[in-house]
Amino acid sequence: MTGFTTVFSFLFRRNWVFFLIWVAVLAILMPATISQYSTIIPDGPDGAVMLQGLALDPTMRAILGPPFDLTLPGGFTFWRVGAFTAVAAAMMSGLGIIRATRAEEEEGRIELIRAGAVGRHVPLAAGVALTLLWNFVLGILVVATMSAMTTPFAGALASGLAIALGGAVFTGVGAVMAQLFTSARTARYWTIGITLGGLYLLRAIVDGSQKPDETNRLLDFLQWANPLSWPALVRPYADERFWVLLLPLALTAVLLSLALLLESRRDHASGIRASSPGRVEAAPYLSGAWGLAWRLHRGAVIGWGVGMVIAAVGIGPLGIQMAELIKGNTAFAEIMTRMGGGAQTLVDAYTIAMLGLLTTFLALMSITMLGRLNSEETAGRAEVMLATSTRRSALAGSHLVIAAGTAVLLTLLTGGLLHMTASSDGSWSAFVDGLAAAGALLPGTVVLLGLMMLVLGWAPRALPLIWAIIGWSIFASWVGALLNFPDWLLRLHPWGHLPKLPTEDLVWTAITAETLLGLVLLGLGLVGYRRRDISGR
């Protein structure tokens with residue numbers, strides 16, 4: 001492993017901010033939740049009835065996984081956010097290992113590293129070691145914070161190990177995908193979209209279909225065969241089964257061994273799965289920047305479109321069940337009401353909160369699509385295009401229009417479907433109400449796109465700032481209400497001051513101000529992109 005320390009240090013310097021943000025956010029979810037346990041769950045018979053209802057509700061089991069002992073603060077906390085934290089750690093790990101391996105190879109840095117005295121497998125080994133290290137740090141933080149909340153140490157240890165090893169499995173998955181495909185984008189799609197998304201959907205179906213007092217061999221087998229179910233099956237704070245941790249440990253070892261084997265059988269900058277040679281002649285629409293931008297983004301547009309339609313149709317009907325479940329719990333209802341902008345009914349609060357979350361995800365999609373402009377530049381392809389008659393405004397505008405247009409259309413469609421499926425009669429009037437509610441939130445997306453374009457135009461190295469804004473928006477909306485943050489702090493994000501229809505009045509001041517601000521930022525960003533130097537290889 002000649003040169004391992006040097007390569008590891010290099011990858012650490014390039015990726016520490018990425019991992020630090022993920023770990024810092026994930027590490028506070030469990031202690032933040034357990035600190036509010038006494039507020040969420042009332043004492044006495046009312047609390048027992050509520051916990052029993054949560055444990056038996058198939059909807060909650062599908063969303064959060066199987067509960068084992070909700071009477072203990074630790075057991076409730078792990079069921080509420082622990083399994084989700086493990087899934088998020090898996091996402092962090094998959095993205096992180098691809099970022100440290102295939103993306104670096106795609107941009108030519110691994111080739112420069114291998115020009116020195118470095119072993120063949122050192123770059124991959126260093127990337128794996130870096131990702132596993134951050135998973136270990138996350139696990140240690142979970143153990144330390146949960147122990148500090150006076151929960152049993154065995155439960156805290158089981159929680160930390162389950163989350164860390166859940167991330168380790170997808171370190172292996174990402175490492176394998178990085179060897180199979182020549183593109184980091186394709187590797188991310190297969191790691192996060194296909195593998196993680198598919199396993200999560202399977203887990204939700206299995207857990208939602210299981211009945212607590214019945215045994216179904218097929219469902220039991222599918223549960224044990226799914227790596228995303230293993231953190232819950234460790235049963236933190238409920239007679240811990242530490243032997244279950246051997247499953248993710250063994251699978252991680254197998255996947256990492258497979259990744260090393262695949263790397264030894266491929267050439268540098270290539271993948272095991274060769275790229276398709278494509279057509280002999282390009283389609284007519286690829287003759288310009290607009291056609292090329294559509295070709296680059298069409299997969300994301302289709303994938304996000306299908307995914308958001310499924311999410312809206314699946315999430316909407318859960319509002320009525322959620323309202324029935326928590327209507328007797330004043331504290332829980334108050335938290336949901338705060339998340340829903342002060343809605344008068346729990347169904348409205350649930351729908352508004354879900355729409356806000358989905359709108360944030362769609363804004364994340366739009367800035368990811370616009371960020372392709374920067375990746376094309378760093379890869380040297382933008383420089384080649386601009387050497388022709390292609391104007392900078394056309395190159396930037398093609399990505400911007402597709403990103404903004406997709407965000408607008410999908411936000412409106414998601415809002416309409418969410419409100420229609422959440423209503424008792426599923427009428428078209430509810431669909432129209434959803435369109436209005438989603439439209440009122442669109443200025444926040446415009447502001448975020450404006451900030452993204454401003455950064456791309458003047459200071460591309462400040463791109464982590466945009467991701468921090470997205471992270472804070474999700475945290476403020478979903479964790480801030482739980483922690484009783486003041487209202488001014490909960491609203492301190494691009495969508496915070498926009499009216500939440502139909503609960504709040506339609507106030508045009510905030511809508512107009514944010515729309516104008518977003519358009520000004522977009523204009524300034526385009527000006528900066530036209531004026532600054534274009535980086536190339």
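The values are calculated or read from the model by the stated rules, or taken from the named source; none is laboratory data. Here the structure is a predicted model, which is why all the values come from computation and not from measurement. Because the Cβ atoms are built from the backbone with ideal geometry, glycine has one as well, and the counts that use them run over all protein chains shown. What goes into the accessible areas is simple: the full protein's heavy atoms, side chains included, and nothing from ligands, DNA or RNA. Shrake-Rupley method; radii C 1.70, N 1.55, O 1.52, S 1.80 Å.
Close contacts from the stretch 74-92, counting a first residue that is on the phi > 0 side of the Ramachandran plot and a second that is part of a helix (DSSP H, G or I), with Cβ to Cβ under 8 Å and a gap of 6+ residues or different chains, come to none at all. Hey, does the stretch 433-443 have a residue that's farther than 27 Å from I302 by Cβ, touching a helix residue (DSSP H, G or I) at 6+ places or on another chain (Cβ under 6 Å) and not in a helix (DSSP H, G or I)? Among the residues of the stretch 433-443, not one is farther than 27 Å from I302 by Cβ, touching a helix residue (DSSP H, G or I) at 6+ places or on another chain (Cβ under 6 Å) and not in a helix (DSSP H, G or I), which makes the answer no. Each residue in the stretch 60-84 was checked for being under 18 Å from L228 (Cβ atoms) and assigned to a helix (DSSP H, G or I), and 12 pass. Only one of the numbered conditions (1) over 18 Å from G356 (Cβ atoms); (2) surrounded by 13 or more Cβ atoms within 10 Å (Cβ to Cβ); (3) of a type outside the set (S, T, N, Q) is violated by F485, and that is (1).
Could you tell me which residue of the stretch 105-136 is farthest from the chain's Cα centre (by Cα), considering only residues that are among the hydrophobic types (A, V, I, L, M, F, W, C) and open to solvent by 50 Å² or more (accessible area, probe 1.4 Å)? The qualifying residue farthest from the chain's Cα centre (by Cα) is A117. Kindly indicate whether any position in the stretch 202-222 is loosely packed, with under 13 Cβ neighbours inside 10 Å, within 23 Å of A175 (Cα to Cα) and of a type in the set (D, E). Checking the stretch 202-222: not a single residue is loosely packed, with under 13 Cβ neighbours inside 10 Å, within 23 Å of A175 (Cα to Cα) and of a type in the set (D, E).
The set of residues in the stretch 254-280 that are touching a residue at least 12 places away in the same chain (Cβ under 8 Å) and outside any loop (DSSP other than H, G, I, E, B) comprises V254, L255, L256, L258, A259, L260, L262, E263.
Among the residues of the stretch 76-87, how many are open to solvent by less than 10 Å² (accessible area, probe 1.4 Å) and either of a type in the set (A, V, I, L, M) or farther than 17 Å from L245 by Cα (or both)? Selection size over the stretch 76-87: 3.
Yes/no per residue for (1) in contact with a Gly (Cβ under 9 Å, 6 or more places away or on another chain); (2) modelled with pLDDT of 85 or more; (3) within 28 Å of F153 (Cβ to Cβ):
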position	(1), (2), (3)
M1	yes, no, no
R14	no, yes, no
L70	no, no, yes
V81	no, yes, yes
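Pairing residues of the stretch 430-446 that are within 17 Å of V507 (Cα to Cα) and aliphatic (A, V, I, L, M) with residues that are in a helix (DSSP H, G or I) and open to solvent by 10 Å² or more (accessible area, probe 1.4 Å), at Cβ distances under 6 Å and at least 6 apart in sequence or on separate chains, gives L435/L412; A438/L412. Here L245 passes the criteria (1) open to solvent by 30 Å² or more (accessible area, probe 1.4 Å); (2) within 29 Å of the chain's Cα centre (by Cα) except the one numbered (1). If you go through the stretch 347-358 one residue at a time, do you hit one that is of a type outside the set (A, V, I, L, M, F, W, C), farther than 14 Å from V446 by Cα, over 20 Å from the mean Cα position of the chain (by Cα) and at pLDDT 90 or above? No, that holds for no residue.
Before we move on, is S183 polar (S, T, N, Q), in contact (Cβ under 8 Å) with a residue 24 or more places away in the chain and open to solvent by 10 Å² or more (accessible area, probe 1.4 Å)? Judged against the criteria, S183 is a match.
W458 passes every criterion in (1) more than 25 Å from A349 (Cβ to Cβ); (2) open to solvent by less than 30 Å² (accessible area, probe 1.4 Å) apart from (2).
Within the option set A382, A394, being outside any loop (DSSP other than H, G, I, E, B) and either without any contact (Cβ under 8 Å) to a residue 24 or more places away in the chain or surrounded by fewer than 18 Cβ atoms within 10 Å (Cβ to Cβ) (or both) holds for one residue only, A394. Test G167 against the stated conditions and say whether it is among the small types (G, A, S), crowded, with 24+ Cβ neighbours inside 10 Å and at pLDDT 95 or above. The answer is yes for G167. Taken together, L526, L506 contain a single residue that is over 27 Å from V347 (Cβ atoms) and either touching a residue at least 24 places away in the same chain (Cβ under 8 Å) or open to solvent by 60 Å² or more (accessible area, probe 1.4 Å) (or both), which is L526.
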